[in-house]
Amino acid sequence: MITKEHAQMIVQEKMSDNLVIVDSFENSTEWCFGLALITDYGEIIPLVGNSTIRIDKKTGEIVKNSYAQ
């Protein structure tokens with residue numbers, strides 16, 4: 001079973017330097033992380049649309065969105 005901290009490390013490894021995790025939640029099978037953009041001026045702007053990254057609790061794999069499959 002993947003812990004929340006391990007799932008967060010997986011997401012952070014894949015993110016570019018100008019993205020930050022702003023919130024997190026879980027459901028029965030996934031850890032979920034909301035993202036925001038850090039501007040050149042240090043302002044944090046939440047991303048619009050489906051910007052939640054989901055990590056499978058059993059495998060640690062990023063779960064693809066249904067529209068991306």
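Listed values, structure above:
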item	result
Residue in the stretch 36-49 that is without any contact (Cβ under 8 Å) to a residue 24 or more places away in the chain and touching a helix residue (DSSP H, G or I) at 6+ places or on another chain (Cβ under 9 Å) present	no
Qualifying residue in the stretch 31-49 (condition: among the polar types (S, T, N, Q) and touching a strand residue (DSSP E or B) at 6+ places or on another chain (Cβ under 6 Å))	no
All positions within the stretch 27-55 that are surrounded by fewer than 14 Cβ atoms within 10 Å (Cβ to Cβ) and assigned to a strand (DSSP E or B)	Ile44, Ile45, Pro46
Number of positions in the stretch 56-68 that are open to solvent by less than 70 Å² (accessible area, probe 1.4 Å), modelled with pLDDT of 90 or more and assigned to a loop (DSSP other than H, G, I, E, B)	2
Qualifying positions in the stretch 14-26 - under 19 Å from Thr3 (Cβ atoms) and either open to solvent by less than 70 Å² (accessible area, probe 1.4 Å) or hydroxyl-bearing (Ser, Thr, Tyr) (or both)	Met15, Ile21, Ser24
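The values are calculated or read from the model by the stated rules, or taken from the named source; none is laboratory data. From a predicted model like this one, the values you see are computed outputs, not experimental measurements. Virtual Cβ from ideal backbone geometry, glycine too; neighbours counted across all protein chains shown. With ligands, DNA and RNA removed, areas are computed over all heavy atoms of the protein, side chains included. Shrake-Rupley method; radii C 1.70, N 1.55, O 1.52, S 1.80 Å.
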